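Derivation of every value follows stated rules applied to the coordinates shown; laboratory data play no part. Quick caveat: nothing in here was measured; it's all calculated off a predicted structure.
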Amino acid sequence: MKELLLSLGAGLIIGVLFKVLKLPLPAPPVLSGILGIVGIYAGGKIMELFIK
């Protein structure tokens, strides 16, 4: 849980910093990009289960 909160906090800080500096956000701008990242993570976890 601590790791999740630290990740969320770091993401929030980076998001605020990028907006203050008027830079584009370093993340996929649309839902399909986010789902692609989730799919990559899920695929890796599924393969870990098959390897064990």
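Observations on the model:
- The chain: C-alpha gyration tensor shape, a/c 1.5 cut-off, then a/b vs b/c: oblate
- In the chain, the calculated helix contribution to ellipticity at 222 nm averages -26500 deg cm²/dmol per residue, counting -39,500 (n - 2.57) for every DSSP H run with n ≥ 4.
- Axis angle, to the nearest 10 degrees, between helix 2-20 and the longest C-alpha principal axis of the chain: 40 degrees.
- Partners for K45 among lysines (Cα-Cα distance below 27 Å; same-chain residues under 8 apart left out): K2
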